[in-house]
Each structure stands twice: as structure tokens, then as C-alpha cells.
Amino acid sequence: MTQAYDVIVIGGGLHGLSAALHLARRSARVLVVEKHWVGRHASGATAAGVRTLNRDRGELDLSLEALDMWHALESLVGDDCGFHPNGQICVAENAGALSKLEARVNGLRADGYTHEEMIGPAELRRLLPELSHHCLGASYTRRDGAADPHRALRAFRRSAVDAGVTLVEHCGVNALKKTGQGWLVSADGGREWSAGAIVNAAGAWSGRVAAMAGDDIPLATKSSMMMVSERLRPFIKPVVAIMGRSLSFKQSDQGTLVIGGGLQGIPDLDRETSTARMQVLAKGARSATDLFPSVRDIRIVRVWAGLEAKTDDMLPVVGPSPNAPGVFHAFGFSGHGFELVPVVGATLADLILTGKTSRPIQALDARRLMPAFAKEKSS
């Protein structure tokens with residue numbers, strides 16, 4: 001007999017778990033189906049930045065609400081997930097970069113946003129005493145920060161299960177079929193479940209799941225790489241980026257440096273592997289030592305790369321399927337989805353349970369990426 005649920009979530013990463021948690025807390029019967037194990041890919045490989053700094057306007061309002069949720073995360077999942085709101089800083093190394101940061105902050109202020117501010121050399125060096133003296137200034141968000149991705153995975157998983165979510169791991173979904181009352185989900189081992197609604201949170205494989213429902217949504221793959229150093233004395237609290245260069249630089253609670261920022265490895269979606277490229281990682285190491293000369297001789301103890309989905313415009317797809325009533329997408333976060341986890345889950349619960357949401361997701365509609373709708377819009 002096919003077991004019935006109100007909602008089936010495909011994908012056991014943080015976005016899938018968040019959606020399941022919010023739905024279950026609102027009395028929905030929810031099943032999460034994960035091909036491997038919770039957090040296997042992007043959610044387990046993220047740098048876990050909690051960032052509103054330099055967000056695209058299409059997701060900025062959503063990220064600002066998410067930041068408020070991060071500051072109260074313990075009330076949602078019983079754990080602060082290692083979130084430290086020590087700020088995020090984007091450093092300008094030259095006059096051109098400084099002008100670009102100033103133009104962005106001024107544009108935000110003109111539209112009523114106050115979360116980003118400019119800081120000069122004196123404040124910059126107060127916050128980052130070991131920063132190279134060639135840096136001229138920075139944009140800064142005081143309430144941003146970073147968290148522990150593995151604590152977040154444990155907390156969201158535990159909270160979802162405690163709320164009544166059924167979690168099935170090591171089981172891949174093979175087909176979706178529309179039925180009179182909703183959807184039939186077929187999976188490995190001949191397993192089947194039915195539900196009135198489907199959440200597609202399958203990460204890098206979400207394009208394939210979307211196609212099962214009849215949505216042709218172009219999706220590329222990222223293979224974002226990270227480096228972790230040996231343990232060092234504490235010397236930096238904010239997360240640091242550079243205007244015009246790929247760098248994300250932070251120090252963990254354990255004293256290790258976590259260095260990333262969009263450095264790309266080699267993804268293979270079919271093999272489900274991601275291969276690090278040492279020459280590219282070397283560029284990230286150079287950026288780090290240019291900013292912080294004191295780390296020039298430290299040891300890197302491990303590197304990794306994770307698979308994640310990337311859209312053409314680097315904005316995620318969040319919302320209902322254009323072609324398949326009852327299917328809802330949450331994917332394509334393109335390397336900056338961690339901060340959005342709590343708010344996207346709440347948004348999906350709104351859409352599924354009430355048919356609407358007051359949250360601003362207009363710019364995240366799947367149709368903007370779909371060839372059929374683009375052709376129709378241009379004709």
C-alpha cells in the first residue's frame with residue numbers, strides 16, 4: 001500500500017530540512033527523501049556565511065528577514081548553530097574598488113537600506129589589526145557573521161524529526177507522476193509514496209527533478225572549494241572578502257582559518273564527485289596572504305569541494321512550478337544559500353499551506369530562466 005503524506009520533500013540538505021520543519025510545525029504530514037544522507041553535498045561543504053553584505057537586490061529583502069531569524073535561531077531549532085554575528089567586511093585595495101563600494105552603499109541608502117556602511121582605514125584596522133596597510137577602506141555589515149554548518153545540519157534534522165517529519169535516507173527518487181489528488185513519487189527499491197505537494201530541494205540535481213515534473217529549468221553546477229589551516233591564535237573575528245577578488249576569509253572557534261570565496265573545482269554530476277584544483281586554490285591562498293601577511297607561512301591541513309546548483313543569473317529558484325500544480329522549487333542558490341535557509345523554509349510553508357506568501361520572491365520565479373517562457377515573453 002502506498003503511504004500518503006501531505007508534502008514530500010526531495011532532498012535532505014538544509015533547505016529541504018527547513019521546509020520540512022516549517023511545514024510540520026504547521027501540522028503537515030511531511031516525508032523527506034534523500035538519495036544519500038542529510039547534508040551530503042552543498043550543505044555539508046558550505047563555508048556557512050550568514051551574509052547580507054553585497055546581496056543582489058532580487059534576494060536582499062529575503063536575506064534581511066533571514067538575518068533576523070538567524071539572530072533568534074535558537075527559538076526555531078533549539079541551537080544557535082554556532083552563529084557568531086561578528087560582522088562581514090568587503091575590503092577595497094585600491095581607489096577604484098573603494099568607489100564601487102561607496103556607490104553601492106550610497107545606492108542602498110537612497111532606497112532606505114541601512115544594513116551596509118562604509119568604514120575608513122582607522123576603523124578597518126581596529127576591526128582587523130593584522131590587515132595589510134595597502135587597504136583603503138571597506139563596506140561593513142555589523143549584524144552578519146558565520147555559523148557552524150554541521151551544527152546547523154544536526155539541529156535542523158533533529159528539530160524536523162521531533163516535529164514529526166519522516167526521514168528516508170539512501171533512497172533516490174526516480175519519477176514523479178501526477179495523480180487526481182496530487183503526486184506519486186517513485187524511488188529506489190520500488191518504493192512509492194503519494195502527496196498533495198512536492199518540494200524540489202535536490203540541490204545540484206534539482207534540474208533533473210524539475211524535469212520529472214515537466215519543468216525545463218536550465219541549471220549549471222558549481223564546485224566551490226575551501227581550504228582549512230592548522231590552528232592559530234585568535235586574531236580575526238569578522239568574515240573578510242575583497243572587492244574584485246575571490247576570497248572569503250574567517251577564523252573558526254577552533255582557531256583554524258577557513259578560506260574560500262567561490263574558487264571553483266571540477267564538478268561531475270553523474271559521478272557525484274567534485275575535484276579540487278590546487279592551482280586555483282593557490283590563487284585564493286595568495287589573496288589571503290596579500291590581505292594578511294602574517295599567515296604566509298601557515299600550513300593548510302585539508303581542502304574540499306562541494307557540488308551545488310548554479311543559475312544563469314546567480315539567483316535561486318524559489319516558488320511554485322509554472323507547469324506542475326502542487327510542485328514547489330527551492331534550488332539554485334549558486335553558492336550563497338546558507339543564510340537563506342530559515343526564511344526559504346518558511347516561505348515554502350506559506351505557499352504550500354495557504355497558496356500565497358507575503359515574502360518578496362518575485363525575482364526568484366522559475367519562469368525567468370525557462371526557455372519556453374522567455375520566448376513567449378519576447379514574442
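Details
- Residue within segment 114-126 that is of a type outside the set (A, V, I, L, M), under 24 Å from the mean Cα position of the chain (by Cα) and over 20 Å from P238 (Cα atoms) present: no
- When residues of segment 132-147 are limited to those that are open to solvent by less than 50 Å² (accessible area, probe 1.4 Å) and not hydrophobic (A, V, I, L, M, F, W, C), the one farthest from E74 (Cα to Cα): S132
- Test: residue in segment 131-149 that is of a type outside the set (A, V, I, L, M, F, W, C), in a helix (DSSP H, G or I) and touching a residue at least 12 places away in the same chain (Cβ under 8 Å): yes
- Screening T354, T275 for residues that are out of contact with any Lys or Arg (no Cβ under 9 Å at 6 or more places or on another chain) and modelled with pLDDT of 95 or more leaves exactly one candidate, T354.
- Test: residue in segment 47-69 that is at pLDDT below 95, within 23 Å of V7 (Cβ to Cβ) and not charged (D, E, K, R): no
- Residues of segment 80-114 classified as touching a residue at least 12 places away in the same chain (Cβ under 8 Å) and open to solvent by 70 Å² or more (accessible area, probe 1.4 Å), total: 4
- Selection count where residues are outside any helix (DSSP H, G or I) and either under 20 Å from A210 (Cα atoms) or without any contact (Cβ under 8 Å) to a residue 12 or more places away in the chain (or both), scope segment 350-370: 7
- Selection within segment 222-246 - in contact with an Asp or Glu (Cβ under 9 Å, 6 or more places away or on another chain), open to solvent by less than 40 Å² (accessible area, probe 1.4 Å) and either closer than 30 Å to D313 by Cβ or among the β-branched types (V, I, T) (or both): K222, S223, S224, I236, P238, V239, I242
- Qualifying residue in segment 293-312 (condition: within 26 Å of I242 (Cβ to Cβ), open to solvent by less than 30 Å² (accessible area, probe 1.4 Å), at pLDDT 90 or above and among the acidic types (D, E)): no
- Residues located in segment 154-207, provided they are open to solvent by 20 Å² or more (accessible area, probe 1.4 Å), assigned to a helix (DSSP H, G or I), among the hydrophobic types (A, V, I, L, M, F, W, C) and at pLDDT 95 or above: V161
- Output for segment 40-57, where each listed residue is open to solvent by 10 Å² or more (accessible area, probe 1.4 Å), closer than 24 Å to D350 by Cα and within 15 Å of the chain's Cα centre (by Cα): S43, R51, D56
- Spans of strands (runs of 3 or more DSSP E) in segment 240-336 with at least 3 residues without any contact (Cβ under 8 Å) to a residue 60 or more places away in the chain, within 22 Å of the chain's Cα centre (by Cα) and closer than 29 Å to R142 by Cα: 245-251
- Filtering segment 247-262 to residues that are more than 30 Å from G319 (Cα to Cα) and surrounded by 21 or more Cβ atoms within 10 Å (Cβ to Cβ) leaves L247, F249, K250, Q251, L257, I259.
- When segment 1-36 is filtered for residues that are over 20 Å from the mean Cα position of the chain (by Cα) and open to solvent by less than 30 Å² (accessible area, probe 1.4 Å), the ones remaining, listed by number, are Y5, V7, I8, A24, A28, V30, L31.
- The set of residues in segment 64-79 being closer than 15 Å to L14 by Cβ and either open to solvent by 60 Å² or more (accessible area, probe 1.4 Å) or in a helix (DSSP H, G or I) (or both) consists of A66, M69, W70, L76, V77.
- When L269 is tested against (1) open to solvent by less than 50 Å² (accessible area, probe 1.4 Å); (2) under 26 Å from G87 (Cα atoms), just one condition goes unmet, and that condition is (2).
- Filter result for L340 (more than 22 Å from W183 (Cβ to Cβ) and in a helix (DSSP H, G or I)): yes
The values are calculated or read from the model by the stated rules, or taken from the named source; none is laboratory data. As the structure is a prediction and not an experimental result, all values here were calculated from the model. FYI the Cβ positions are ideal-geometry reconstructions off the backbone, even for glycines, and counts take in every protein chain you see. These area figures cover heavy atoms from the full protein model, side chains too; ligands, DNA and RNA do not enter into them. Shrake-Rupley method; radii C 1.70, N 1.55, O 1.52, S 1.80 Å.
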